[in-house]
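Reviewing the structure listed below.
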Amino acid sequence: MNESITCIRKWLRVIEKNNKPHVQIYISGGQMKTFAPEEISAMVLIKMKETAEAYLGKKVTHAVVTVPAYFNNAQRQATKDAGVIAGLTVMRIINEPTAAAIAYGLDKRDGEKNILVFDLGGGTFDVSLLTIDNGVFEVVATNGDTHLGGEDFDQRVMEHFIKLHKKKTGRDVRRDKRAVQKLRREVEKAKRVLSDQHQARIEIKAFFEGEDFSETLTRAKFEELNMDLFRSTMKPVQKVLEDSDLKKADIDEIVLVGGSTRIPKIQQLVKEFFNGKEPSRGINPDETVAYGAAVQAGVLSGEDPGELVLLDVCPLTMGIKTVGEVMTKLISRNTVVPTKKSQIFSTTADNQPTVTIKVYEGERPMTKDNHMLGTFDLTSIPPAPRGVPQIEVTFEIDVNGILRVTAEDKGTGNKNKITITNQNRLTPEDIERMVNDANRFADEDRMLKERVDARNKLESYAYSLMNQVYDQEKLGRKLSSEEKKVLTWALEEKIKWLELHQDSEIGEVQAQKKDLEDVVQPIMCKFYRLWAGTQPEGVGGRRSGWEGRAVELPS
């Protein structure tokens, strides 16, 4: 049973009062108090009201409140009553999928449109199919699972690590609630990292009985642990299509809502289900519904709706130059501004003291084909093996289109930044030309990107293994001198080959990686047989946690 549910049951219980459910809660002093559901909901609204007032610096008296599309009239009235209890005038109750569609301005499109809203949050999953005709919304069908969300994905990962820890130590973490909560927090953080990275490191000091916890979670493992849950989200999608008597091809827009839709595999499954159709993107999925509700509130308050739904967007993709002159994207083209995005990078050389951040905009995969906006250095990085320092690069665009790029060494807190105004930017003609170029050279760019990626994978694989061979606390001390000699020779040979063959084709690079794997795998298989169950999952993988994502050395 989920530990958090067990904990909650100790301090609250649901009772019947006046033929309605009520909640009894222990408050300060051990006193038991009974609340109606509307009162509990009102407490949440009061907190949100206070937050809004603190941000705006003025009193908030009116609100538009959103509810799931499947709410009945009684539930909608109860929600409205909660608003009154909170001291708010509820201007309107609107469906959450309707608010999401408004956020993207879909109500302004000409003709009748079919919109599918895929809402996967922390604890619930809803799919709604709407039709919009001349600004009039109709919810045609809804489906979902009120007990599926990000918390379930976290639980799968937690169970995996709890079993792994028990297998290694013989001790069951479940009996220590504090340790379980620590693991839950770190697993959720790792899940978020995996939306952008291929690996995440989970480190917990004094995790259980005084021992530290250190494990790697790969995106592949995360997907494997949750694949049945991910695939189950497609069943409600199919059901709403059947209920509305529509085919996949009849869907004009797909809107993703909820933080769990950031998971790459979820996005991939939705896209594949609709035969490659891209969902609408640009608005933070956690904020889409609130954004649409705010737009609706503005309309009801007499604001110019044309002004409200005109969303300014980023005209070109923005990113930085990474190893191999690859354009690593942080903010995609057509993202609604203001926006903010961060990503972790690392170094490409041992004891590298400086990284150079080169900022570009454009749609091509290689930086040489894009437009450079600016450059700056982050210095005084403490000596460490390549791939170990964590350099967080943050792109932030404000409402005026001004871009601020910050680089921070997470280990020391040292940071540097650059501000890029519209004066550095391209003209509309330049933007149109670059988009056309990206379309024209798509195949050529893809082949070049694949070649660079193959080189990066071989280089990362070789250096990661080299670090492990020399790590006397882990793999290094368990290898024989002959095994070390064989591995070191093979790794150094491949690193030298990369240096001498800068223009090698993808097939040649892949062949070199296979040659290296043929040398490494027999030794690693022997190692696993000898020490089965005693080593962290992922030995032989990338130590740093960034697959080819390394900030390039200063030129």
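Using the basic label-point model (7 angstrom from Cα toward the beta carbon), what is the D243 to N416 distance in nanometres?
In this crude spin-label approximation the distance works out to 5.6 nm.
Among V14, V255, V469, V67, which comes first, second and so on when ranked by fewest other beta-carbon atoms within 10 Å?
Listing V14, V255, V469, V67 from fewest to most nearby Cβ atoms yields V14, V67, V469, V255.
Under a 5 Å amide H to amide H cut-off, with H placed in plane at 1.01 Å, what residues pair with D471 once short-range neighbours are removed?
Amide H neighbours of D471, under 5 Å, 5+ apart: G476.
For segment 259-268, just list the computed ³J(HN,Hα) in residue order, Karplus coefficients 6.51, -1.76 and 1.60, θ = phi - 60°, integers in Hz, with x standing in for Gly and Pro.
Couplings: x, 6, 6, 6, 5, x, 5, 4, 4, 5 Hz.
With θ set to phi - 60° and the Karplus curve 6.51 cos²θ - 1.76 cosθ + 1.60, what are the ³J(HN,Hα) couplings of segment 159-170 in order, to the nearest whole Hz, using x for Gly and Pro?
These are the phi-based 3J(HN,Hα) values: 4, 4, 6, 5, 5, 4, 5, 5, 5, 7, 10, x Hz.
Can you give the local net charge around E396? Use residues other than it whose beta-carbon is closer than 12 angstrom to its beta-carbon, Lys and Arg +1, Asp and Glu -1.
Once positives and negatives cancel, what remains is +3.
Treat the count of other C-beta atoms within 10 Å as a stand-in for reagent exposure and order V295, V90, V289, V84 from fewest to most.
Placing the least packed residue first, the sequence is V84, V90, V295, V289.
In whole percent, what relative contact order does segment 99-206 give with Cα contacts below 8 Å and a gap of six or more residues?
Reported relative contact order: 16 percent.
For K47, go through the aspartates and glutamates and keep the ones whose alpha-carbon is under 13 Å away, minus same-chain ones fewer than eight residues off.
Those aspartates and glutamates meeting the cut-off are E39.
What size of dipole, in debye to the nearest 20, comes out for segment 14-144 about its Cα centre when the only charges are +1 on Lys and Arg C-beta atoms and -1 on Asp and Glu C-beta atoms?
460
What whole number of Å gives the distance from the Cα centroid of segment 119-164 to the Cα centroid of segment 170-244?
First find each Cα centre; the distance between them is then 17 Å.
With the dipole of segment 450-530 worked out from charges on the C-beta (+1 for Lys and Arg, -1 for Asp and Glu) around the Cα centre, which of Q521, S481, Q510 lies farthest toward the positive end?
The one lying farthest along the dipole's positive direction is S481.
Report, in debye and to the nearest 20, how large the dipole of segment 150-229 comes out about its Cα centre when Lys and Arg carry +1 and Asp and Glu carry -1 on their Cβ.
The calculation lands at about 280 debye.
With 10 angstrom as the radius, rank S332, S380, S260 by how many other C-beta atoms surround their C-beta, starting from the fewest.
In increasing order of surrounding Cβ atoms, one gets S380, S332, S260.
Sum up the charges of everything whose Cβ sits under 12 Å from the Cβ of A69, counting Lys and Arg as +1 and Asp and Glu as -1, but leave A69 out.
Result for the local shell: -3.
Amide H to amide H, which residues 5 or more places from V323 or on other chains are under 5 Å from it, using H placed in the peptide plane?
A550, E552
If amide hydrogens are placed 1.01 Å from N in the peptide plane, which non-local residues have theirs closer than 5 Å to the one on D286?
Hits under the 5 Å cutoff: G258.
Quick one: 3J(HN,Hα) in Hz for segment 322-332, Karplus 6.51/-1.76/1.60 with θ = phi - 60°, rounded, Gly and Pro as x.
Going residue by residue, I get 10, 3, x, 6, 7, 7, 8, 7, 10, 10, 7 Hz, with x marking Gly and Pro.
Laboratory data are not the source of any read-out in this text; all were calculated from the coordinates shown. Bear in mind that the values here come from a model prediction, so they are computed numbers and not experimental data. Ideal geometry is used to build each Cβ from the backbone, glycine not excepted, and the neighbour counts take in all protein chains shown.
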